[in-house]
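Please treat every number below as a calculation from the coordinates, not as lab data. Quantities reported herein were computed from a predicted structural model and do not represent experimental measurements. In this analysis, Cβ positions are derived from the backbone assuming ideal geometry, glycine residues included, and neighbour counts consider all displayed protein chains.
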Amino acid sequence: MPDFRRRELLAVLAGLTAFGLGMAEAWAAPGKSTKSKRQATRKSVGKPTPPTLAKPKPKLIVLDPGHGGRDPGALGARGTQEKKVVFTIAMEVQRELQAGGRYRVLLTRSGDSYVALRERVARAQAAKADLFLSLHADSHDNPDVRGASVYTLSEEASDREAAALAARENRADAVVSGMRLADKPDNVAQTLVAMSQRGTVNESRRLAETIVATFAKNGVRLLPRTHRQAGFAVLTSPEVPAALVELGYLSNPQDEKLLTVRQHQISLARALRASVDAYFGAASATRKA
Ligand SMILES: [Zn+2]
């Protein structure tokens with residue numbers, strides 16, 4: 001989002017909060033922190049530090065292993081549980097990302113625990129994450145369907161397949177109600193969030209395209225039309241670029257086996273680390289230009 005539009009939005013948000021028009025506090029708080037971060041960034045513009053001397057601040061990546069606790073996620077024919085494989089792979093991605101010293105990594109769950117979907121988003125926002133990656137493994141009625149896919153948020157889940165998947169991934173949210181801004185009758189709140197999301201959604205799309213390209217380069221099998229859009233609850237942060245990666249299909253025997261094989265888990269983790277590298281590499285190149 002262009003800086004001026006974000007500032008304008010924050011001003012409106014602050015005004016609405018002051019007049020008590022029913023904005024959730026949880027949305028206002030990260031906005032304030034972003035504003036102060038932006039101000040700090042602007043201040044530094046006046047006194048440029050030579051790039052050779054500046055040690056870049058590590059980016060904060062929030063990894064979100066899907067499901068957990070009483071919600072096992074998809075199940076494979078051999079009994080593989082989605083919540084377990086995605087957690088193992090998330091730990092591997094964390095190791096990969098932290099190894100280079102360029103990133104700090106937080107996980108939305110630290111073990112086999114249940115965390116509501118909105119809570120996962122709230123944690124990423126509270127931590128002021130630079131990136132949010134939700135990791136999943138999919139399931140399909142047709143056992144021949146296999147490969148990875150990447151999702152970003154859409155206003156309307158136009159693709160029927162995407163809509164069905166969104167419903168499936170969102171279902172857990174109904175059990176424990178977190179922050180449910182989408183259910184608020186307040187049209188103003190929805191419009192404001194949509195405005196803020198527009199910029200983030202564009203960044204998220206760039207992230208997804210980068211992941212798809214990097215997966216292809218690293219020999220990770222992908223679904224056709226692999227970047228899709230859906231209304232996943234975990235992708236609704238108005239501030240943090242986010243993508244949901246389905247690493248393969250547990251309903252496909254080959255994919256199920258691969259997802260449990262250590263070498264394949266490491267390959268996926270490396271492809272994700274390379275994707276994050278490429279995303280931030282391109283971002284800083286754009287800023288310099
Ligand atoms: Zn899932």
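Taking amide H as placed 1.01 Å from N in the peptide plane, the amide H of ASP138 sits under 5 Å from that of LEU247, GLY248, TYR249, LEU250, each at least 5 places away or on another chain. Each label was represented as a point 7 Å from its Cα along the Cα-to-Cβ direction; for LYS57 and ASN202 these points are 2.3 nm apart. Measuring against 32 Å, Cα to Cα, the residue pairs LYS83/LYS217; LYS217/LYS257; LYS128/LYS257; LYS55/LYS257 contain LYS128/LYS257; LYS55/LYS257 as the ones spanning a longer distance. Going by amide H atoms built from the backbone, whose H comes under 5 Å of the H on PHE232, apart from near neighbours? Excluding prolines and chain starts, which carry no amide H, the hits are SER154.
For THR260 and ARG225, the difference between the fully extended length at 0.36 nm per residue and the C-alpha to C-alpha distance is 10.1 nm.
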